[in-house]
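The values are calculated or read from the model by the stated rules, or taken from the named source; none is laboratory data. If you're wondering where the values come from, they're calculated on a predicted model, not measured in any experiment. Ideal geometry is used to build each Cβ from the backbone, glycine not excepted, and the neighbour counts take in all protein chains shown. Keep in mind that these areas ignore ligands, DNA and RNA; they rest on the heavy atoms of the full protein, side chains included. Shrake-Rupley method; radii C 1.70, N 1.55, O 1.52, S 1.80 Å.
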Amino acid sequence: MKALWAFEPFHQDKIRLRGLHSTLKQLVGSSSNIEVGFVVTRTESFLNLAFDVPAEERFSLYPRKLIKMALRKAGLKFEDKKIHVVEHRTLSTTETVDRLLKLAKARGTDILGLFTHARKGYMRFAVGSIAETAIHRSKMSLLLLNPKAHTSPKIKKVLFASDFGTNSKTQLKKVIGHCKKMKASLILLHHAEATYEWSLDESNPKIHAYRRKVNRLKLAMEQECRKAKVPTNIIVSSELRATADLIFKCAKREKADLIVVAAKTGPQQR
């Protein structure tokens, strides 16, 4: 597997850089399988205000210099040929993401790693979110890391939140593959409807059919994990809370090092 690190040299400290690099390395097996990419846009104040840099270098050579400096400070070594800087004269977040995905495809990438900016308020409205746009536009796997998140030097537990949908078995096989590579155990979480555990209308055959369906899929998942020899704990919860909140609650309780979810937009699923 190969990874493209969507590098952004302005806002992350060396600890966070090491954390994302370490996680990518565990997912793809080796640092040699990671390349760095940066799409230069006109929205970066650090570049627009770098008046001490010649205009012809401000959006090309200068960003490369900043990337190499940030990597060096973090103690990370990359060959020049594995650092890709693409100048893209646009103010559009969507166009920026599409150019980044084009670079990832050209480099034969399997997974794209990037930080979220965690922007709020006006900045989020005006600039948009690269990470959120990537979720909707990307056909490849994404590793998203909040700048404030703490990463584990060794991924021992992976939490996979599954909707038990039509593609859940295919998704599970990919997750199992990563778990085997990292020698990690798996926590499989499904947020079921409230009627899975209780109902005011127990005579309704649709409710019993739904419960049988969930149990059948749970059993199939257990068998798949057992066959792959990946230690697995399957949790089916109908707790009345937002699915995202349940995922984070479960991840904290189970001490998961990595959360895996599948994003679905329109007819395509990733």
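Considering only DSSP beta bridges whose two residues both sit in the chain, what percent are antiparallel, to the nearest 5? Each step should come with its number before you reach the end.
Values: 2 of 34 bridges.
Beta bridges within the chain, antiparallel portion: roughly 5 percent.
Which entry in (1) -0.49; (2) -0.39; (3) -0.55 matches log10 I(q)/I(0) by the Debye sum over Cα atoms at q = 0.09 Å⁻¹ derived from the coordinates of this structure?
(1)
If you roll a 1.4 angstrom probe over the protein chains with everything in place, what fraction of the accessible area of segment 1-77 belongs to carbon and sulfur, to the nearest %? Don't skip to the answer; put the middle values down first.
On the way: 2000 of 3720 Å².
Of all accessible area on segment 1-77, carbon and sulfur atoms account for 54 percent.
For segment 180-262, what does the relative contact order come out to in percent, with C-alpha contacts under 8 Å and a separation of six or more? Each step should come with its number before you reach the end.
Numbers: 60 pairs, mean separation 37.8, N = 83.
This gives 45 percent for segment 180-262.
Roughly how big is segment 148-211's charge dipole about its Cα centre, with Cβ charges of +1 (Lys, Arg) and -1 (Asp, Glu), in debye to the nearest 20?
Details: 12 positive and 5 negative charges, 182 e Å.
Roughly 880 debye, rounded to the nearest 20.
In nm, what is the difference between 0.36 nm times the number of residues separating MET69 and GLU87 and their Cα-Cα distance?
Working: separation 18, 0.36 × 18 = 6.48 nm, distance 1.89 nm.
Net length gain for the segment: 4.6 nm.
At 1.4 Å probe size, with the rest of the protein present, what percent of the exposed accessible area of segment 102-239 is carbon and sulfur atoms?
It is 55 percent, rounded to a whole number.
Can you send over the solvent-accessible area of ASP257, 1.4 Å probe, protein chains only, in Å² to the nearest 10?
60 Å²
Give me the one-decimal nm value for the distance between modelled label points at LYS249 and LYS77, 7 Å along each residue's Cα-to-Cβ direction.
4.8 nm
Can you compute the FRET efficiency between HIS150 and SER45 using 1/(1 + (r/R0)^6), with r the Cβ-Cβ distance and R0 = 25 Å? Round to the nearest 0.05.
Numbers: r = 28 Å, r/R0 = 1.13.
The computed FRET efficiency comes out at 0.35.
At a threshold of 8 angstrom on Cα-Cα distance, excluding pairs fewer than six apart, so keeping six or more, what relative contact order does segment 76-234 reach in percent? Could the numbers behind the result be given before it?
Details: 135 pairs, mean separation 29.1, N = 159.
Dividing the mean separation by the residue count of segment 76-234 yields 18 percent.
Taking 8 Å as the Cα distance limit and 6 or more residues as the minimum spacing, I'd like the relative contact order of the chain as a percentage. It would help to have the intermediate numbers written out before the result.
Numbers: 376 pairs, mean separation 54.0, N = 270.
Reported relative contact order: 20 percent.
Using the heavy atoms of the protein chains alone and a 1.4 angstrom probe, what is the accessible area of segment 3-74 per residue in square angstrom? Show your work: numbers first, answer last.
Details: 3290 Å² over 72 residues.
Heavy-atom accessible area per residue stands at 46 Å².
What does the extension gain come out to for GLU132 and SER31, with contour length at 0.36 nm per residue minus their alpha carbon separation? List each step's numbers first, then the result.
Details: separation 101, 0.36 × 101 = 36.36 nm, distance 2.61 nm.
Stretched fully, the GLU132-SER31 segment lengthens by 33.8 nm.
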